[in-house]
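Inspection log for the structure reproduced underneath, given as structure tokens.
The values are calculated or read from the model by the stated rules, or taken from the named source; none is laboratory data. The shown structure was predicted, so the numbers you read here are calculated from the model rather than taken from an experiment. With ideal geometry, Cβ positions are generated from the backbone for all residues, glycine too; neighbour counts draw on all protein chains shown. These accessible areas exclude ligands, DNA and RNA; they are computed on the full protein's heavy atoms, side chains included. Shrake-Rupley method; radii C 1.70, N 1.55, O 1.52, S 1.80 Å.
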Amino acid sequence: MDPQVFFDVQMTLAEACMSTAWVLGVLGCHPYQLALFDDRAQKEIWGDNPDTLVSSSYQPVGKVEVVDGGFKLSGRWGFSSGCEYADWVLLGALIFAKEGPPEMRTFLLPRKDYKIVDHWHTFGLQATGSQDIVVEGAFIPDYRTHKAVDGFLCQNPGQAVNTGPLYRLPWAQVFVRSVSTACIGSVQGALDAFVDIGKKRVSTNTGKATKQDSNAILAAARTQSAVDEMKSVLYRNFDEMMAAMRAGGELTMEQRVRYRYQSSQIARRCADLIDDLMPLLGGRAIYTDSPVIRYWLDANAARAHVANDPNLIGATLGGMYMEIGRAHV
């Protein structure tokens, strides 16, 4: 199915639990990346069990040694969501050459080649279990690696066997949405909880009913409108991407950067929307048993992911516009 279906499921789950939706997004997009790997790697993962799960940490912090037939990898990576449920892991690292820029790759390792370290003690997204991964000199054959440049150019080894339009998408366009889209569902869940409380709440200080408070009423309208807008942009972008892939075309660089930028804005925008709802529910909203507090904590935790920093990709997009102008991109 098209990515829109996957992300719609993710948003629906996030209305109840953003951690669950986050893990679905991360673990659920890895089979897509694995379909871009050499077919030998795909057979290793799914040959005996088509339901094998794979976690990840794409931080390029590993130490790589080039050896005969592949690489030796060592290091410690953080933020591997859902890793305790996975039998394999995807890890990022740079390969340094004597000349030219370093090459970013993703390395695929089985559970026997790494340790999981309990390090996930956070205020939000607690149930994602995004623990640390430690590797000490594991051998990875070349075919169990994926070059970032191949994902960018949409020229991946796996396309030799996975020939559908879906696998011609730039890999990063799929991944960045996997770590931002749950936030949209969390806003919907927070708003639903806000409305349920507001229908019955009467302030003990002012004696005013929340459902008659113009600030609360306008906040509900503003929040629901924002959710609809963010969903519409998500669906439209993947409609455009899939239409281009089915037509045998390519995305322009402006499209790719703009789509990435729009994804990067989601977490911060969603956190701000829920933050605006909180004070309208009075003092009870800050208690840990408040129906809104978990959404607020999780959305704010999602802001920490590097893909959810709009300043990084925004500088690239704005620079493109300043250099050549929107009309000429």
Matching residues, region 98-126, being out of contact with any Phe, Trp or Tyr (no Cβ under 7 Å at 6 or more places or on another chain) and of a type in the set (Val, Ile, Thr): ILE116, VAL117, THR122
Counting only residues that are more than 24 Å from THR181 (Cα to Cα), among the hydrophobic types (A, V, I, L, M, F, W, C) and buried (at least 17 other Cβ atoms within 10 Å of the Cβ), how many does region 208-253 have? 1
Hey, among the residues in region 24-73 that are in contact with a helix residue (DSSP H, G or I) (Cβ under 7 Å, 6 or more places away or on another chain) and in a strand (DSSP E or B), which one's surrounded by the most Cβ atoms within 10 Å (Cβ to Cβ)? SER55
May I ask you to say which residue of PHE123, PHE96, PHE107 is touching a residue at least 40 places away in the same chain (Cβ under 8 Å) and either open to solvent by 70 Å² or more (accessible area, probe 1.4 Å) or of a type in the set (Lys, Arg) (or both)? PHE123
Residue pairs qualifying under the 7 Å Cβ cut-off, at least six apart or on distinct chains, with the first in region 211-225 being part of a helix (DSSP H, G or I) and the second being open to solvent by 100 Å² or more (accessible area, probe 1.4 Å), are LYS211/LYS199
Across region 270-289, what is the total count of residues that are surrounded by 20 or more Cβ atoms within 10 Å (Cβ to Cβ) and at pLDDT 95 or above? 5
Right, ASP8: at pLDDT 95 or above and either under 30 Å from ASP239 (Cβ atoms) or under 19 Å from the mean Cα position of the chain (by Cα) (or both) or not? yes
Based on this model, can you work out whether PHE107 counts as over 21 Å from the mean Cα position of the chain (by Cα), farther than 29 Å from ASN237 by Cβ and at pLDDT 95 or above? no
